Every structure is written in structure tokens, then in C-alpha cells.
Amino acid sequence: MKRRLLTVLLSCALLTSCAAAEQGSLTLIALNVGKGDCLLLGSGETLYLIDAGLRENWGMVSNALHQMGVTRLDGVIITHTDGDHAGGAWPLAMSGLEIGGWYAPKYYTDVKDSKHPVALAAELRGESVNWLEAGDSLPLAGGKLTVIGPRSLNKDAENCNSLVLLAEGGGGRMLLTGDMEFPEEEELLGAGVIPPCNVLKVGNHGEEDATSETLLRQVKPQVAIISTNTVAEPDTPSDRVMKLLGQQGAAIYQTQNAPVGVMVTLTGGEAKVSNLSSGELPVRCQTVQLTDKSAKRDSISLMNHGAEAVDISGWYILSDRGGEMFVFANRTLQPGEKITISSQSSDEKGDLTWPEKKVWHKSKSDKACLYDAYGRLIDEKE
């Protein structure tokens, strides 16, 4: 069932700083996914996920979505093909989350058509990608969501093929820039398509190669959000970007300083911001374990040793070496039940099929890690 963002946020009482979005407002939640982008954009009954972080950081995305009670997205919009934006599209596609559509920029480089991460994710569900270009718009209840960039292919920098989105609602505007660098900034400024905006999602994690003084003079943001992690990317955010934002009088928020993420809500043209904190989680399961991992058979099993059924929907297995991931969708493990997950290259087919080939390395250490839907480690198996 589709729910208003208001309902989603109200169901999130465990997020101690979470203020409910009012009707007629535009809300952006920048999730803390390490050095990566993952945004929830909502207005009325419309809810989009914009970028999905790294594949290996899927637990941070899954945790936030589960805590907020999100079960449906009107669309998943991936701004460009870099792994810290597109990597999470694969586990997202494997999850049981209802997704209304897949969106990606018409222009891209660095990947073959057959290996495009959004195309692969959509294909996993038997679906296709909606390829976006400047001038396209997407449905947004009570507002407007427009693609303003890129306007041309940049063969030298995939970051400059990032979708740049203008979200309008709540009496104001938000500019969402992906990893846009100086060349794309100049192109969009020259085309006159960037208006003043209340909120700016700062481009390319606040790195030195983005966010010019000219851009900031045009946008005049009240609030600037930077998605990054200084430990993973020590040069972010850059001193130059922080100084320029300060000179513009923008209130600066970094996702790395918020346990779950940063939420900004526009209502009547005014922006209200809060850091979202994680609340109490369900007790960690101690009865489900990994077993019978076999590189030769390219399979692994999961068993419930407890006396009660365990809902493993949203749980996932991660290959420590290759980063391959399997997400359980809508699955309950009965007491004493054992299920086997084989790969597409397995000779013996298991109860479930991992939609990849040669998952487990045959000659080198490749530890299997089992996580629950909140990204908590449950078990490991060498």
C-alpha cells in the first residue's frame, strides 16, 4: 500500500529527532551511507529513492528503510554509474521492496550497455530503465520534479553525466546535484536553468572539483547538505567549499554527523532541518546460522536452529572477497528448516538461486557474512 511521507515519518517514532512532515511540504532525507549518496525525496503520496550508496553499505540503507517503515518507492533514480551511487541498486532490486520504476541518465560512460548497474538491477525484476535527459519531469504530488542536467555527454568525466534534479514544493526549491563537477555546473549555468534554491545537495561529496562560487551565488542556499565520510574520503568536504558555503550564509549539514541521516523539510518556503537518530531495534536473532558453504558446489546454506520461525525478509549474505550479495525477499525460516542458495554456475540447484555466477572463490579465503535487515552481523562462515 502506498503511504504518504507523513505516515512514513510518523511510524518512525524510534527516530528520536524525526519531526513529522506536514501536508504541502517537500521533504528530503539524506541517509548516512558512508562516502556515498542515498536520498529519500517525498511530497504527499510520492516517495523516491535517489541513489543507493555502495553495494557493501547496503545494510545502512536497509536499516533506515526498515526503521522508517518504507515498503514502497514510486521510483529509484540513480544519478550516474559510480559505485558509491549505483552499487546499492542490485540489493535493492533483490529486496522485497515495491518499486514503481527505475530511472537513470541517458548519458553515461565507463560502463558497457550490458553492464549498466541500473539496467542489471531492473532486469533482475524483469523490468526496464526509464532513461532521463534534460527537460524530463517525474510525477511529484503537490510539487514538481524536473531533470535539468546533464544537457550533453561528457566523455571524460562520468561525474559530469550526473542527473541534476530540481525539486519544487513546500513553497520552495531543492537542487540535487549528484556528483556534478565544474564542467557540468558551467553548462547548466550557461543555459540559465539553475534558479535560486532553499536547499542544495552539494555536488561530489564536497570535493574540490565541484561547487563553484558562481554556482553558490546563483543558488543562494539556506541549507547545504553534504553526503560524505571523511574517514573514507579524507579530502571531503574541502575547506574551499566549506568556506564558500559559510560566506553564503548557508547552514551546513553532513550526513556523517547524523546516525541515520539528515532530514530537511520545506513548508511555506521555510526549511527545517534535523539529524535522525536510530531508535531501539528488535532483539538480534541468535538461532539462524550459515552452514555447508562449498566453493566447489558454489553454494551455501542457512539453518534455523531455534524453536520459533524467523522472518528473514531483508536479510542478506555478503561475499567478503568478491562483494557478491544475496538478499532474501519475503521469506520466513521455520524451526529446524534449512535452505540452500546455489549460484547460476552451480551444478546442483538449491532452494534459492543467487543471480550471479562463481560467487565463492575456490582457492582463496572468501568469508560469507550473514546480516539481518538492520545491517547487523548475524553469522560468519569461512
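Only residues that are surrounded by 20 or more Cβ atoms within 10 Å (Cβ to Cβ) and out of contact with any Phe, Trp or Tyr (no Cβ under 9 Å at 6 or more places or on another chain) were counted across the range 291-309, and they come to 1.
Tallying residues that are touching a Cys at 6+ places or on another chain (Cβ under 7 Å) and assigned to a strand (DSSP E or B) within the range 347-382 yields 3.
Is it true that L145 is in contact (Cβ under 8 Å) with a residue 24 or more places away in the chain and either of a type in the set (D, E) or not in a helix (DSSP H, G or I) (or both)? Spelling it out, L145 is indeed in contact (Cβ under 8 Å) with a residue 24 or more places away in the chain and either of a type in the set (D, E) or not in a helix (DSSP H, G or I) (or both).
Of everything listed in (1) exposed (fewer than 15 other Cβ atoms within 10 Å of the Cβ); (2) modelled with pLDDT of 95 or more; (3) at negative phi, the single unmet condition for R331 is (1).
So that you can scan it fast, the table gives a plain yes or no per residue for (1) in contact with a helix residue (DSSP H, G or I) (Cβ under 8 Å, 6 or more places away or on another chain); (2) of a type in the set (A, V, I, L, M, F, W, C); (3) surrounded by 16 or more Cβ atoms within 10 Å (Cβ to Cβ):
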residue: T81; (1), (2), (3): yes, no, yes
residue: L92; (1), (2), (3): yes, yes, yes
residue: L97; (1), (2), (3): yes, yes, yes
residue: A104; (1), (2), (3): yes, yes, yes
residue: Y107; (1), (2), (3): yes, no, yes
residue: D110; (1), (2), (3): yes, no, no
residue: D113; (1), (2), (3): yes, no, no
residue: V118; (1), (2), (3): yes, yes, yes
residue: E123; (1), (2), (3): no, no, yes
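Evaluation of D179 against the conditions (1) closer than 17 Å to I78 by Cβ; (2) free of Cβ contacts under 8 Å to residues at least 40 places away in the same chain; (3) in a loop (DSSP other than H, G, I, E, B) shows that the sole unmet condition is (2). Residue pairs whose Cβ atoms lie under 7 Å apart, sitting 6 or more positions apart in sequence or on different chains, and linking a residue in the range 197-217 that is farther than 20 Å from T255 by Cβ to a partner that is at pLDDT 95 or above and assigned to a helix (DSSP H, G or I), are S212/F182; S212/E185; E213/L244; T214/L189; L215/E185; L215/L189. Determine whether the range 237-256 contains at least one residue that is closer than 30 Å to G69 by Cβ, assigned to a helix (DSSP H, G or I) and modelled with pLDDT of 95 or more. Yes; the residues of the range 237-256 include at least one that is closer than 30 Å to G69 by Cβ, assigned to a helix (DSSP H, G or I) and modelled with pLDDT of 95 or more.
For the range 261-276, the tally of residues that are under 26 Å from H66 (Cβ atoms) and either among the β-branched types (V, I, T) or not in a strand (DSSP E or B) (or both) stands at 4.
The values are calculated or read from the model by the stated rules, or taken from the named source; none is laboratory data. The structure presented is a predicted model; accordingly, all values stated were derived computationally and were not measured. For neighbour counting, all protein chains shown are included, and Cβ atoms are generated from backbone atoms with ideal geometry for every residue, glycine included.
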